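Only one structure is covered here, and it is reproduced in the block below.
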């Protein structure tokens with residue numbers, strides 16, 4: 001799986017949009033971009049994933065650049081409960097073989113009141 | 001609660017002892033994964049099962065580690081002759097694999113401290 005690069009930490013004011021960047025310049029054509037987050041003392045939680053089109057769900061939006069070398073996770077109205085470590089992961093569509101996720105160190109997002 | 005559950009949540013043991021953790025996946029999920037997470041790091045993949053079959057093992061899974069999923073439902077992870085370096089959070093996840101992408105749902109983890 002391709003590697004990802006994320007800033008180690010970010011701050012965002014409560015109620016504002018939080019924009020978390022991720023670089024994945026070596027991504028292959030069959031690799032998807034996934035985002036998970038981990039709130040302190042809990043297991044990681046799936047947020048969203050995409051291949052090349054922008055995606056939106058009830059939690060967040062995912063914007064993937066046209067060359068697919070970077071992406072941005074957007075939390076439209078951040079709350080204090082969004083304080084967590086956010087992981088950007090690139091993975092191929094799973095078959096019968098490798099299916100383990102490769103986490104980096106992620107971005108520690110701190111929402112300020 | 002219908003999420004992934006893990007037992008125990010915390011375990012303190014002395015170096016050299018054996019420990020066993022249990023994971024109960026979401027009902028009807030056919031894949032089950034084990035990860036390890038040390039302080040300040042992201043989770044690291046250890047192994048996964050599809051039903052009873054162990055399909056992938058990371059090189060992190062040393063000979064002292066063994067995982068089983070005998071009936072394709074719950075799984076156990078055993079660590080023999082524990083070392084201080086085994087101190088970590090052990091996370092379990094499950095997914096329903098249907099031939100393509102599958103979201104992994106994580107449990108709360110078992111925190112192991114080896115004294």
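Mind counting the residues in region A:31-57 that are more than 11 Å from chain B (Cβ to nearest Cβ), assigned to a loop (DSSP other than H, G, I, E, B) and more than 16 Å from residue A:107 (Cα to Cα)?
Of the residues in region A:31-57, 4 are more than 11 Å from chain B (Cβ to nearest Cβ), assigned to a loop (DSSP other than H, G, I, E, B) and more than 16 Å from residue A:107 (Cα to Cα).
Got a number for residues in region B:85-99 being more than 12 Å from residue B:4 (Cβ to Cβ), within 14 Å of chain A (Cβ to nearest Cβ) and touching a residue at least 12 places away in the same chain (Cβ under 8 Å)?
Of region B:85-99, the ones more than 12 Å from residue B:4 (Cβ to Cβ) are B:85-90, B:96-99.
Still in the list and also within 14 Å of chain A (Cβ to nearest Cβ): B:88-90, B:96-99.
From the residues that got through so far, the ones that are touching a residue at least 12 places away in the same chain (Cβ under 8 Å) too are B:88-90, B:96-97.
Residues that pass the stated criteria total 5.
Checking residue B:42 against (1) touching a residue at least 24 places away in the same chain (Cβ under 8 Å); (2) crowded, with 16+ Cβ neighbours inside 10 Å; (3) within 23 Å of residue A:40 (Cα to Cα), which single condition isn't satisfied?
Result: residue B:42 fails condition (1) only.
Given the criteria out of contact with any helix residue (DSSP H, G or I) (no Cβ under 9 Å at 6 or more places or on another chain), within 14 Å of chain B (Cβ to nearest Cβ) and free of Cβ contacts under 8 Å to residues at least 40 places away in the same chain, does residue A:104 qualify? I'd like the intermediate steps shown before the answer.
On the way: out of contact with any helix residue (DSSP H, G or I) (no Cβ under 9 Å at 6 or more places or on another chain): yes; within 14 Å of chain B (Cβ to nearest Cβ): yes; free of Cβ contacts under 8 Å to residues at least 40 places away in the same chain: no.
Taking the combined requirement at face value, the residue does not satisfy it.
Could you please give the count of residues in region B:88-115 that are assigned to a loop (DSSP other than H, G, I, E, B), modelled with pLDDT under 95 and under 16 Å from the mean Cα position of the chain (by Cα)? Lay out the reasoning, then the answer.
Just the residues of region B:88-115 that are assigned to a loop (DSSP other than H, G, I, E, B), to begin with: B:96-104, B:107-109, B:115.
Cutting the leftovers down to modelled with pLDDT under 95 gives us B:96-104.
The next check asks that each one be under 16 Å from the mean Cα position of the chain (by Cα); those that pass are B:104.
Going through region B:88-115 one residue at a time, the tally reaches 1.
Within region B:100-115, how many residues are facing another protein chain (nearest Cβ under 8 Å) and either free of Cβ contacts under 8 Å to residues at least 24 places away in the same chain or in contact with a helix residue (DSSP H, G or I) (Cβ under 8 Å, 6 or more places away or on another chain) (or both)?
Here is the first cut: in region B:100-115, the ones facing another protein chain (nearest Cβ under 8 Å) are B:100-109.
Pick out the ones that are also either free of Cβ contacts under 8 Å to residues at least 24 places away in the same chain or in contact with a helix residue (DSSP H, G or I) (Cβ under 8 Å, 6 or more places away or on another chain) (or both) and you get B:100-101, B:103.
Of the residues in that region, 3 qualify.
Of the conditions (1) more than 23 Å from residue B:4 (Cβ to Cβ); (2) assigned to a loop (DSSP other than H, G, I, E, B), residue A:100 clears all except one; give me its number.
The failed condition is (1).
For residue A:25, only one of the following conditions fails: (1) within 14 Å of chain B (Cβ to nearest Cβ); (2) in contact (Cβ under 8 Å) with a residue 12 or more places away in the chain; (3) closer than 27 Å to residue B:58 by Cα. What is its number?
Against the list (1) within 14 Å of chain B (Cβ to nearest Cβ); (2) in contact (Cβ under 8 Å) with a residue 12 or more places away in the chain; (3) closer than 27 Å to residue B:58 by Cα, residue A:25 comes up short only on (1).
Is at least one residue of region B:72-84 at the interface with chain A (Cβ under 10 Å from one of its Cβ atoms), closer than 20 Å to residue B:40 by Cβ and either touching a strand residue (DSSP E or B) at 6+ places or on another chain (Cβ under 6 Å) or loosely packed, with under 15 Cβ neighbours inside 10 Å (or both)?
Start the filter on region B:72-84 by keeping residues that are at the interface with chain A (Cβ under 10 Å from one of its Cβ atoms), which leaves none.
There is no residue in region B:72-84 that is at the interface with chain A (Cβ under 10 Å from one of its Cβ atoms), closer than 20 Å to residue B:40 by Cβ and either touching a strand residue (DSSP E or B) at 6+ places or on another chain (Cβ under 6 Å) or loosely packed, with under 15 Cβ neighbours inside 10 Å (or both).
Would you mind telling me which numbered condition in (1) touching a strand residue (DSSP E or B) at 6+ places or on another chain (Cβ under 8 Å); (2) more than 12 Å from every other protein chain (Cβ to nearest Cβ); (3) more than 16 Å from residue B:110 (Cα to Cα) residue B:20 fails?
Here residue B:20 meets the rest and fails (3).
Got a number for residues in region B:23-48 being at the interface with another protein chain (Cβ under 10 Å from one of its Cβ atoms) and part of a strand (DSSP E or B)?
Applying the first criterion (at the interface with another protein chain (Cβ under 10 Å from one of its Cβ atoms)) to region B:23-48 yields B:31, B:33-35, B:37, B:40-48.
From what is left, the residues that are part of a strand (DSSP E or B) are B:31, B:33-35, B:37, B:44-48.
Residues in region B:23-48 being at the interface with another protein chain (Cβ under 10 Å from one of its Cβ atoms) and part of a strand (DSSP E or B): 10 in total.
The values are calculated or read from the model by the stated rules, or taken from the named source; none is laboratory data. From a predicted model like this one, the values you see are computed outputs, not experimental measurements. Neighbour counts are summed over all protein chains in view; Cβ atoms, including those assigned to glycine, are modelled from backbone coordinates with ideal geometry.
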